[in-house]
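> Sharing a structure here in C-alpha cells format.
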Amino acid sequence: MRILLLSAYDAMSHRYWRQGLVKAFPEHQWTVLSLPPRYFAWRIRGNSLSWAFNERATLEQPYDLIVATSMVDLTGLKGLVPALANIPTLVYFHENQFAYPESAHAVKSVEPQILNLYNALAADRVVFNSAFNRDTLLQGARKLLHKLPDQVPPNLVALIEQKTEVIPVPLPAEVFCPSKPSTDPLQLVWNHRWEYDKGPELLKAAVEQMLSNNLDFKLHLVGQQFRHTPKVFEDIKQLLEQHQKLGRWGHIESVQEYRALLQGSDAVLSTALHDFQGIAVLEGVAAGCTPVVPDRLAYRELFAAEYRYQEQDEASSLMHKLQHLEALKQAGQSLPCPNIEHLSWDALRPKYAKAFSKSIRQPDG
C-alpha cells in the first residue's frame, strides 16, 4: 500500500509516533512530509499552502491512503491539490484544541478549534490517542457549534463520533527495560517539556510541601527546553539546591543516559495541566518507575487510583503519595509499578492495521 504521511506541526511526540508507524509497517511504501514545530498560528493555517506549492510533485503521486495529524489543514490541502481529494484519509489526534490550556500570552482565536472540527469531518477515519482526547473534542465541538449564529448543519458531532476510535501512541521495544533502583533516597523524575502547560507551578508547590515535611528524596528535572523557560523552573532549582535535593537538571542529550536515569529512579511524576496520553510518564513506567499522576486528564484511563493524586489540594495530595512511597522504600519493600505492555508496538500494531483497512473501506465498516 502507498501511504502519504503528513505531520504539519512535527513536535517531539508527533515525530515519535510517525517514526514508529513507518518502522512498524515496512511492507507499505511511505512518503513522509513534515513541517517544523514553530510559528503555531501560521503553521496550522499555512501548511496547506506551503505543501501545495512547495511539494506539489510529491502530493500528485498516486496514493492508496493519507495518514495525517490533526494539525494538517486537510480541507485546504485537498482543495489546493485536487489529486488528493478522493484518497481515503485517516486523521490522528495527538491532542485537540478544545481541551488545550490557553497560555497567558496567546492570542485568543477559534481557528485552531475550527481546524480540528473540519479535519474530523473531512476524514474517513478519526483516531485518538486516548478516550479523554476523543471525549473532550466531541464535547468542545458541541459547545462551539451551539455558539455559531446560524446555518449550522445538524448532527455534525454524531457524524464525527461514528468514525472515531482510540488507539494510543505505541511505545517502542527499547523503552521496556529492567528497573535498577538504588538504596539512595527516593529518586523522583519529572521529565516533561519545560513549559507552562506541564504544570511547573504545581510542581513547585509540591516541592515546598515535600521539604516542609522532611521527605528524603532527590528530584531530577529533565526534558525538552526552549529559548524562553518559565521563571518558576529557576525557583524550583534554587529550592532544591538550597536543601541538597537536586538531581539531574536540564535536557539529557544521550538516549542511553536518559534511559539509565529512568531505570535508576523510583517514581515518575506528572503535574500537567494537560496530557492527552503522557508518553514521558509511560516511558518512565516502562523502565520500572511508579507513576504519580493527577486524577484527571488521560491518566484516569491509564492507571489505577493508587497511582493518582486527588484534584482537591493537589500539591498536598501529591506529597502524600510520595510520602507513602518513601515509607515503602525505607522499609525495604518494592514499589508498585503497573504493567503497560499492552501499549507496546507489538500489541497495538494490529489495531493500526485494522484502522488503515477501515479508512479505505469507507464508509465505516
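The values are calculated or read from the model by the stated rules, or taken from the named source; none is laboratory data. Keep in mind the model is a prediction, meaning the values are calculated, not measured. Cβ sites come from the backbone with ideal geometry, for glycine too, and all protein chains shown count toward neighbours. Side chains are part of the model used for accessible areas, which takes the heavy atoms of the whole protein and leaves out ligands, DNA and RNA. Shrake-Rupley method; radii C 1.70, N 1.55, O 1.52, S 1.80 Å.
> When you go through (1) open to solvent by 40 Å² or more (accessible area, probe 1.4 Å); (2) touching a residue at least 24 places away in the same chain (Cβ under 8 Å); (3) not β-branched (Val, Ile, Thr) one by one for ARG38, which number turns out not to apply?
Of the numbered conditions (1) open to solvent by 40 Å² or more (accessible area, probe 1.4 Å); (2) touching a residue at least 24 places away in the same chain (Cβ under 8 Å); (3) not β-branched (Val, Ile, Thr), the odd one out for ARG38 is (2).
> Checking VAL127 against (1) touching a strand residue (DSSP E or B) at 6+ places or on another chain (Cβ under 9 Å); (2) more than 30 Å from GLN19 (Cβ to Cβ), only one condition comes out false. Which one?
Failing condition for VAL127: (2).
> Filter region 291-312 for residues that are surrounded by 22 or more Cβ atoms within 10 Å (Cβ to Cβ) and closer than 13 Å to ALA131 by Cβ and give the result.
Hits for region 291-312 are LEU297, ALA298, TYR299, LEU302.
> Then there is this: When you scan region 66-76, do you find a residue that is buried (at least 21 other Cβ atoms within 10 Å of the Cβ), of a type in the set (S, T, N, Q) and at negative phi, even just one?
Within region 66-76 (the criterion being buried (at least 21 other Cβ atoms within 10 Å of the Cβ), of a type in the set (S, T, N, Q) and at negative phi), the answer is yes, since at least one residue qualifies.
> Shifting gears a bit: I'm trying to understand the selection: among the residues of region 339-365, which are modelled with pLDDT of 95 or more and open to solvent by 90 Å² or more (accessible area, probe 1.4 Å)?
Scanning region 339-365 gives ASN339, GLU341, HIS342, ASP346, LYS351, LYS354.
> For the subset of region 309-344 comprising residues that are over 20 Å from ASN214 (Cα atoms) and acidic (Asp, Glu), which member is farthest from the chain's Cα centre (by Cα)?
Filtering first and then ranking leaves GLU311.
> Do the conditions hold for ALA173, that is, is it crowded, with 18+ Cβ neighbours inside 10 Å and more than 18 Å from the chain's Cα centre (by Cα)?
For ALA173, the condition - crowded, with 18+ Cβ neighbours inside 10 Å and more than 18 Å from the chain's Cα centre (by Cα) - is not met.
> Quick one: how many residues across region 235-253 are open to solvent by 50 Å² or more (accessible area, probe 1.4 Å), under 17 Å from GLN187 (Cα atoms) and of a type in the set (D, E, K, R)?
Counting residues in region 235-253 that are open to solvent by 50 Å² or more (accessible area, probe 1.4 Å), under 17 Å from GLN187 (Cα atoms) and of a type in the set (D, E, K, R) gives 2.
> Look through GLU161, GLU60, GLU55, GLU111 and report the one residue that is surrounded by fewer than 18 Cβ atoms within 10 Å (Cβ to Cβ), out of contact with any Phe, Trp or Tyr (no Cβ under 6 Å at 6 or more places or on another chain) and closer than 23 Å to LYS354 by Cβ.
Only one candidate qualifies: GLU161.
> Separate question: Are there any helices (runs of 4 or more DSSP H) wholly within region 61-161 with 1 or more residues that are closer than 22 Å to ARG45 by Cβ, over 24 Å from the mean Cα position of the chain (by Cα) and not small (Gly, Ala, Ser), and if so which?
Output list reads 74-80, 131-147, 156-161.
> Mind checking which residues of region 188-229 are β-branched (Val, Ile, Thr) and either within 13 Å of LEU246 (Cβ to Cβ) or surrounded by 24 or more Cβ atoms within 10 Å (Cβ to Cβ) (or both)?
VAL189, VAL207, VAL222
> Can you tell me which residues in region 14-40 are among the hydrophobic types (A, V, I, L, M, F, W, C), in a loop (DSSP other than H, G, I, E, B) and under 24 Å from ALA52 (Cα atoms)?
Scanning region 14-40 gives a single hit, LEU35.
> Sticking with this one: Identify all residues within region 254-290 that are more than 19 Å from the chain's Cα centre (by Cα), among the hydroxyl-bearing types (Ser, Thr, Tyr) and open to solvent by 10 Å² or more (accessible area, probe 1.4 Å); write none if there are none.
Matches in region 254-290: SER254 only.
> Has region 84-96 got at least one residue that is open to solvent by 20 Å² or more (accessible area, probe 1.4 Å), over 21 Å from TYR352 (Cα atoms) and touching a residue at least 12 places away in the same chain (Cβ under 8 Å)?
Within region 84-96 (the criterion being open to solvent by 20 Å² or more (accessible area, probe 1.4 Å), over 21 Å from TYR352 (Cα atoms) and touching a residue at least 12 places away in the same chain (Cβ under 8 Å)), the answer is no, since none of the residues qualifies.
> Would a scan of region 323-336 turn up a residue that is in a strand (DSSP E or B), at pLDDT 95 or above and open to solvent by less than 40 Å² (accessible area, probe 1.4 Å)?
No, that holds for no residue.
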